[in-house]
Amino acid sequence: MPELPEVETVRRGLIPALEGHRLASVTVRRGDLRQPLPVDFSDRLVGRRVARIDRRAKYLLVHLEDGQTMIAHLGMSGRMNIAPSKGYAPATHDHVLFETDAGKLIVFNDTRRFGLMDVTDADRLDEHPLLRRLGPDPLGNQFSGASLLEAVEQRRSPIKALLLDQTVVAGLGNIYVCESLFRAGISPRRQGINIGGARADRLARMIRDVLAEAIEAGGSSLRDYVQASGELGYFQHNFRVYGREGEACATAQSGHVIRRIVQSNRSTFYCPQCQR
């Protein structure tokens, strides 16, 4: 599933094609995504100018000039790619096509149909069911070692599971949690109640660093994800633990290897010697 760096990379790629432009047409080819598209989805978007594109956690927020906001989630396999509208032949899994007044086409393609889209009033975003329970964005001003410590210090769940809880911190997924814990030297098995102030500060800093590096690299392309331009991301070449079971740890002494365990039905990759 695309995580925060992938969604942020897509957001940045869409800005030149969408911001300041009107949506000349919105074609729904298939509306039965993870949740059905609103019946008036196209009517609420066509003719409106895109004021700006934001992101909250793993959600894209397309703000329109009339005070509405389109919420989009890429799901497991969703893509939003830019294509010239002239002569474009939709593919099987191209479910929604957005054409701008400048002749650009933004294509939402989703093989598994786990993505979703909705339209709501911008002044009610905080109340929307998809957004209202989200924790702080790890790249935002509300996230810090202190805020992280406050969220986990009374909980006995493993820190790995807590970081995947979107009410604790919003936007992290399996890849970047594994990478952040490794850089912070914290075992994924360590309980939240055993994360002290120094560890929380270090972990918050490493989360920000890993996310920033991943965004700079255009995200991680493992299966379906590509940037809005169609290019692959490259951060997968910088993984230090994720997907490296049995390989030598790059920072540990010779003979130490990356292990994989299963936590909450998700694979966790870590170095038992480096992470305590």
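No value in this document is a laboratory result; all are computed from the given coordinates. Predicted model, so just to flag it, every value in this text is computed and none were measured. For neighbour counting, all protein chains shown are included, and Cβ atoms are generated from backbone atoms with ideal geometry for every residue, glycine included.
Rounded if a/c is under 1.5, else prolate if a/b is larger than b/c, else oblate: which is the chain, with a ≥ b ≥ c the root eigenvalues of its Cα gyration tensor? Because a/c hits 1.5 or more and a/b exceeds b/c, the chain counts as prolate. With each run of n ≥ 4 DSSP H residues scored as -39500 (n - 2.57), what mean residue ellipticity at 222 nm is computed for the chain after dividing by its residue count and rounding to the nearest 500 deg cm²/dmol? Taken over the chain, the calculation gives -7000 deg cm²/dmol. With neighbours defined as other Cβ atoms within 10 Å of a residue's Cβ, the residues Thr92, Thr251 order from fewest to most as Thr92, Thr251. If only the Cβ of Lys and Arg carry +1 and only the Cβ of Asp and Glu carry -1, the dipole of the chain around its Cα centre is close to 960 debye. For the chain, the longest principal axis of the C-alpha atoms and the axis of helix 197-216 are separated by about 40°. Ordering Met76, Met117 from the fewest to the most neighbouring beta carbons within 10 Å gives Met76, Met117.
Distant-in-sequence amide contacts of Gly233, defined by a placed amide H-H separation under 5 Å and a gap of 5 or more residues or a different chain, comprise Ser221, Gln227. Placing pseudo-labels 7 Å out from each Cα toward the beta carbon at Val257 and Asn141 gives an inter-label distance of 4.9 nm. Ordering Leu14, Ala72, Ala24 by Cα displacement along the dipole of segment 4-127 toward the positive end leaves Leu14 in first place; charges were set at the Cβ atoms of Lys, Arg (+1) and Asp, Glu (-1). A cysteine counts as unpartnered when no other cysteine's C-beta lies under 4.7 Å of its own; in the chain this applies to Cys178. By other beta-carbon atoms within 10 Å, ranking Lys58, Lys104 with the fewest at the front produces Lys104, Lys58. Two decimals is fine: what is log10 I(q)/I(0) at q = 0.15, 0.24, 0.25 Å⁻¹ for segment 1-93, from a Debye sum with one equal scatterer on every Cα and no solvent? Calculated log10 I(q)/I(0) at the listed q: -0.63, -1.63, -1.66.
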